[in-house]
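Presented below is the structure to which this report refers.
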Amino acid sequence: MTKRYYFLFILLFAFTANAQNIQWTQVQPGVWKAVIGKPEAYDLLKASGATPATTGLQQMGKADFPLQQQDISARIVDGKVYLRFPLQKEEQLFGFGLNFQTVYQRGKILQLHVDHFGGKDNGRTHAPTPFYVSSKGYGVFVNAARYINVYAGSAVRKDSKNPPVEKDRNTDKSWASRPYSDAVEMLVPAGGVEVYVFSGPTAMDAVRRFNLFNGGGVLPPRWGLGFTQRVKTLYTADEVKAEAKAFEEKGFPLDFIGLEPGWQSKAYPCTLEWDKTRYPDPAAFVKEMKEKGIRLNLWTNPYISSAASYYKDLLPYTGSHTVWTGVVPDFTLPQARNTVFGQMKKSQVDIGVSGYKIDEVDGYDHYLWPDVATFPSGLSGEQMRQTFGLLVQRYTADIYHQKNQRTYGLVRASNAGGVSMPYVIYDDYYNHEDFITALINSGFAGVLWTPEARASKTAEEWLRRMQTVVFSPMAMINAWSSGTKPWSYPEVADQIKAMATLRMQMMPYWYSAFARYHFEGIPPFRSINLEEGFSYEPKKESVNKNLEENPYAEAVSKEIKDQYMAGDALLVAPLFAGQTSRKVVLPKGKWYDFYTGAYAGNGEVITVTPGLDKIPVYVKDGSIIPMMPPMLHAPKKGEKVDLEIRYYGEKPGQYKLYDDDGETFDYEKGQYTWRDITVTKDNNGQLKGTISAPVTGKPNTVGNVTWKWMGK
Ligand code: GAL
C-alpha cells in the first residue's frame with residue numbers, strides 16, 4: 001500500500017469506526033429489536049416492569065421488517081448514541097408523547113423530558129413517550145430513561161439520499177427556510193440503547209404492537225368508568241359524606257370521591273398518615289362510604305415529611321435533594337418501597353381505599369430535584385425524573401394486584417412501559433381545545449388522559465366541558481377549588497344530568513373498549529388517523545386548485561386535532577364554548593347520528609349545528625352499542641344488568657361484548673368471556689339480533705336483552 005492509500009484507509013476507518021452494524025432480531029411477532037453499543041442497566045421497560053402480552057402479539061401474527069434496514073443508522077459519538085431513521089416524501093409522523101397542541105409531528109424538534117405541560121409542544125410533557133408512529137404503518141421506540149433529542153424530519157445531511165433541491169432565495173419564490181428532510185434523527189445521551197421497530201401494515205397495527213409489547217392496556221374496574229368528583233382541601237369525613245348525599249339526592253351518578261390535601265396529617269411534604277381531627281376513624285368512614293356505593297381515592301405526592309412515623313427508616317433510601325422539604329424515596333430500592341408502599345397498604349389500601357391521585361411526579365423544575373441530584377441506587381437525577389411516575393404507578397398498582405383487587409387512579413407522569421398501569425394522566429393546565437388534542441395523542445403515547453371539568457366562566461362552558469368528560473377514559477369533575485357542582489348552573493343542570501346518565505348507560509360499551517385495549521392493544525380513545533377509511537393525504541402543490549373544490553381532500557390534507565374516536569364505533573366532535581356550529585370530517589364509509597340513528601355522511605366534511613344540549617357523535621355503519629339501564633353506581637362485582645343493544649346503519653353488525661366480574665384480576669386466569677353479538681337482515685328485510693350463550697363456569701353479568709334499531 002502506498003503511503004497515500006494507507007493514509008486514506010486510516011481516515012476512512014476513523015470515520016466509520018463508531019458506525020454501528022445494526023442487527024435486528026424479531027423478539028415478538030412483528031416486534032424487532034436492535035442493541036446499539038452497550039445499553040444502560042436501567043431503562044423504561046425495566047423501570048416499569050412491563051412484560052409483553054404474548055397471546056395478543058401472537059394473534060396479530062408475524063410481519064416483515066417494515067423499513068429498508070440499510071437506511072437505518074446508528075453511531076456512537078462522544079459517548080452518546082446518534083440514531084437515524086428514514087422518511088419518505090408522503091409520510092406523516094404521530095406520537096413522541098402526550099402532546100397538547102399538535103398531532104402531526106413531522107418537522108418537529110423536541111427534547112423528550114418528563115414535565116408538567118408548559119403551554120408548548122416541545123417534548124416536555126407528562127408522558128414524553130419515546131415512540132413514534134408513521135402514516136406508512138410502522139412504529140419506532142427508543143428504550144432509554146434519558147432526555148432524548150428528536151429531530152423529526154427537520155435536519156438535512158449532505159450525504160442524504162433525497163436531498164432538498166437547492167434554491168436561490170433572491171430569485172425563487174418557492175425557496176423555503178426549512179428544506180426538505182428525509183430522516184428522523186435522535187440523540188440519546190447514553191453509551192448504548194435498545195431500539196424497537198413495530199411492524200404494521202397499518203399505523204393502528206404498529207400502535208397495537210407497541211401497546212401489547214408493553215403488556216397491553218389497563219382494564220379498569222367497572223366502577224372506574226363511572227363518575228368521580230373531587231372534594232375541597234381540608235374537607236372532613238362528615239363533609240365528604242354530605243357531598244355524597246348531595247349527589248344521591250340530585251340523582252347524579254357517582255362512583256368514587258377523591259380527597260384532596262387534608263386527609264393526611266401533613267401535606268407538601270406528605271406523611272401518608274391520616275389526620276385524626278378530620279378523619280377520626282378512617283376504616284369506619286371508608287366502610288360507610290363503600291356501603292353507599294362510593295369509593296375513595298386519595299391525593300398525595302410521594303415527598304415524605306420528617307413528621308412521618310417511618311421517616312428515619314426511610315431516610316437512608318432517599319435522594320440527595322428534597323422537594324418542599326420532603327425526602328424523595330428511591331423507589332428502585334426495596335427498602336424504600338417496603339417502607340412507603342407498606343405504609344399505604346396498611347393505612348389505606350387494607351381499609352378499602354380504592355386508589356390514589358399521584359401528584360407532582362412530573363415537574364416543574366423549580367419544585368422537583370435538579371439533574372445534579374443523586375440517589376442511593378446510583379441512578380441519576382435525569383433517570384429518576386424520566387421514570388419516577390412509572391415507579392410510583394407500578395408499585396402502588398402492585399399493592400392492589402396482590403390483593404386481587406383492581407384500582408383506577410390519577411397520575412401526573414408516565415412514560416413508555418406504563419401502558420398497563422391503572423392510571424389516567426391529568427394536569428393543571430386548562431384549555432379545553434388542547435385537552436381534546438391531548439386525548440387524541442394519548443392513543444399514540446400508550447397512556448390515558450382525562451379532559452377533567454374544573455371550573456368555567458359560563459353555563460355554556462361548563463356543559464361543553466362536561467360533554468367531553470363523558471366521552472373520555474375517566475369521567476372526572478375536579479372542581480374542588482372552584483366549588484362548582486354538576487348542578488351549579490341551573491340553566492344547564494338537566495342537560496348535564498342527561499349526559500352523566502348517558503355515560504353510565506354506555507358502561508358496557510366502554511368496558512368492552514377497554515378490554516380490547518387490554519387484550520388487543522387498541523387504544524380506547526384515539527386519533528382519526530388510526531381509523532380504517534381515513535388516510536392522511538398530503539397536499540400536492542399541483543392539485544391545489546382541485547382541493548378547494550374538494551373539501552374532504554382539503555380536510556384530510558390537514559391536521560385534525562378536534563375530533564376523535566371513542567371505542568370502535570364512535571366519532572366524537574366536541575364543541576367548545578362560543579361555538580354554535582363546527583365542521584366534522586367523516587372518514588370513508590357511512591356514518592350515522594348517535595342520538596337518532598339518522599344517516600350523516602360518508603367520506604365528507606359536514607357542518608353541524610347541534611344546539612347546546614348535544615355533543616356531536618357519529619356512529620360507524622353496522623355498529624352495535626350495548627347499553628345498560630341508567631344507574632347511579634357501576635354494577636357491583638358480578639351483578640347482572642339488563643342490556644339494550646343498539647344497532648346503527650345498514651351493514652351486518654358484529655360485536656364482541658366483554659364480560660368478567662368487573663373488580664378482580666380473575667380474568668388473568670381465564671375468568672372472562674367475549675359474547676358474540678350479531679345483527680343481520682332476513683329475507684323480508686327484518687333486522688334480527690343474536691347474542692351467544694353464556695359460558696358455563698365463566699362470569700355472566702348479562703340480564704335481559706332488548707334490541708333497538710336506531711333510525712328505523
Ligand atoms: C395540584 C394538582 C391539583 C390538585 C392540587 C391540590 O398539584 O394538580 O389537581 O390536586 O395539587 O393541592
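The values are calculated or read from the model by the stated rules, or taken from the named source; none is laboratory data. Here the structure is a predicted model, which is why all the values come from computation and not from measurement. Virtual Cβ from ideal backbone geometry, glycine too; neighbours counted across all protein chains shown. Note: areas computed on protein heavy atoms with side chains; ligands, DNA, RNA excluded. Shrake-Rupley method; radii C 1.70, N 1.55, O 1.52, S 1.80 Å.
Things to note:
- Condition check for Arg465 on (1) in contact with a Ser or Thr (Cβ under 9 Å, 6 or more places away or on another chain); (2) surrounded by fewer than 20 Cβ atoms within 10 Å (Cβ to Cβ); (3) touching a residue at least 24 places away in the same chain (Cβ under 8 Å): one failure, at (2).
- Taken over the stretch 195-206, the criterion of being part of a helix (DSSP H, G or I) and touching a strand residue (DSSP E or B) at 6+ places or on another chain (Cβ under 6 Å) is satisfied by Ala203, Ala206.
- Gly95 being over 14 Å from Ser154 (Cβ atoms) and either of a type in the set (Phe, Trp, Tyr) or surrounded by 21 or more Cβ atoms within 10 Å (Cβ to Cβ) (or both): yes
- Selection status of Pro486, touching a Ser or Thr at 6+ places or on another chain (Cβ under 9 Å), buried (at least 24 other Cβ atoms within 10 Å of the Cβ) and not in a helix (DSSP H, G or I): no
- Test: Ala455 is assigned to a loop (DSSP other than H, G, I, E, B), within 16 Å of the ligand (Cβ to nearest atom), closer than 20 Å to Pro253 by Cβ and small (Gly, Ala, Ser): no
- Cβ-Cβ under 6 Å pairs, at least 6 apart or on other chains, the stretch 356-373 side touching a residue at least 40 places away in the same chain (Cβ under 8 Å), far side more than 10 Å from the ligand (Cβ to nearest atom) and aromatic (Phe, Trp, Tyr): Val361/Phe388
- Residue within the stretch 388-397 that is basic (Lys, Arg), more than 16 Å from the ligand (Cβ to nearest atom) and closer than 19 Å to His518 by Cα present: yes
- Exclusive hit being touching a helix residue (DSSP H, G or I) at 6+ places or on another chain (Cβ under 9 Å) and of a type in the set (A, V, I, L, M), set Val150, Val114, Val165: Val114
- One residue from Val372, Val353, Val392 being closer than 25 Å to Gln111 by Cβ and either touching a Ser or Thr at 6+ places or on another chain (Cβ under 7 Å) or assigned to a loop (DSSP other than H, G, I, E, B) (or both): Val372
- In the stretch 260-284, the qualifying residues are those that are aromatic (Phe, Trp, Tyr) and open to solvent by 10 Å² or more (accessible area, probe 1.4 Å), and the one that is farthest from the ligand (Cβ to nearest atom) is Trp274.
- For the stretch 672-686, the set of residues classified as surrounded by 15 or more Cβ atoms within 10 Å (Cβ to Cβ) and not basic (Lys, Arg) consists of Tyr672, Thr673, Trp674, Ile677, Thr678, Val679, listed by residue number.
- When residues in the stretch 371-400 are screened for being more than 16 Å from Pro302 (Cα to Cα), touching a helix residue (DSSP H, G or I) at 6+ places or on another chain (Cβ under 9 Å) and not charged (D, E, K, R), 8 of them pass.
- Qualifying residue in the stretch 483-498 (condition: within 16 Å of the ligand (Cβ to nearest atom), under 17 Å from the mean Cα position of the chain (by Cα) and in contact (Cβ under 8 Å) with a residue 12 or more places away in the chain): no
- Considering Tyr595, Tyr618, Tyr536, the condition of being open to solvent by less than 70 Å² (accessible area, probe 1.4 Å) and not in a loop (DSSP other than H, G, I, E, B) is satisfied by Tyr618 alone.
- Residues that are part of a strand (DSSP E or B), touching a strand residue (DSSP E or B) at 6+ places or on another chain (Cβ under 6 Å) and either away from the ligand (no atom under 16 Å from the Cβ) or within 11 Å of Cys270 (Cα to Cα) (or both), drawn from the stretch 285-341: Arg295, Trp299, Thr300, Ile304, Thr318, Gly319, Ser320, Gly326, Val327, Val328, Pro329
- Test: residue in the stretch 442-456 that is open to solvent by 10 Å² or more (accessible area, probe 1.4 Å), closer than 22 Å to Tyr408 by Cα and without any contact (Cβ under 8 Å) to a residue 60 or more places away in the chain: yes
- Within the stretch 343-363, the residues that satisfy the criterion of being of a type in the set (A, V, I, L, M, F, W, C) and under 21 Å from the mean Cα position of the chain (by Cα) are Ile358, Val361.
- Flag if Glu460 is open to solvent by 10 Å² or more (accessible area, probe 1.4 Å) and free of Cβ contacts under 8 Å to residues at least 60 places away in the same chain: no
- Among the residues of this structure, Gly226 counts as one that is more than 16 Å from the ligand (Cβ to nearest atom), under 31 Å from the mean Cα position of the chain (by Cα) and of a type outside the set (A, V, I, L, M, F, W, C).
- The residue pairs whose first member lies in the stretch 256-268 and is part of a strand (DSSP E or B), whose second member is of a type in the set (S, T, N, Q) and within 7 Å of the ligand (Cβ to nearest atom), and whose beta carbons are closer than 8 Å, counting only pairs six or more residues apart or on different chains, are Gly258/Asn478.
- In the stretch 299-317, the residues that are touching a residue at least 40 places away in the same chain (Cβ under 8 Å) reach residues that are within 16 Å of the ligand (Cβ to nearest atom) and assigned to a helix (DSSP H, G or I) with C-beta atoms within less than 7 angstrom, at least six apart or across chains, in these pairs: Pro302/Val392.
- Of the strands (runs of 3 or more DSSP E) entirely within the stretch 623-712, those holding at least 3 residues that are at pLDDT 95 or above and closer than 30 Å to Gly251 by Cβ occupy 624-627, 641-647, 653-659, 702-709.
- If you go through the stretch 405-428 and keep only what is under 29 Å from Val140 (Cα atoms) and within 16 Å of the ligand (Cβ to nearest atom), you end up with Gly409, Leu410, Val411, Arg412, Ala413, Ser414, Tyr423, Val424, Ile425, Tyr426, Asp427.
- All told, Val419 falls short of being touching a strand residue (DSSP E or B) at 6+ places or on another chain (Cβ under 6 Å) and touching a residue at least 40 places away in the same chain (Cβ under 8 Å).
- Selected residue (criterion: least open to solvent (accessible area, probe 1.4 Å)) from residues of the stretch 232-259 that are farther than 25 Å from Lys497 by Cα and among the aliphatic types (A, V, I, L, M): Ala237
- Residue among Pro29, Pro39 that alone is farther than 19 Å from Val150 by Cβ, touching a residue at least 12 places away in the same chain (Cβ under 8 Å) and not hydrophobic (A, V, I, L, M, F, W, C): Pro29
- Of everything in the stretch 329-345 that is in contact with a helix residue (DSSP H, G or I) (Cβ under 6 Å, 6 or more places away or on another chain) and farther than 15 Å from Leu390 by Cα, the residue that is least open to solvent (accessible area, probe 1.4 Å) is Ala336.
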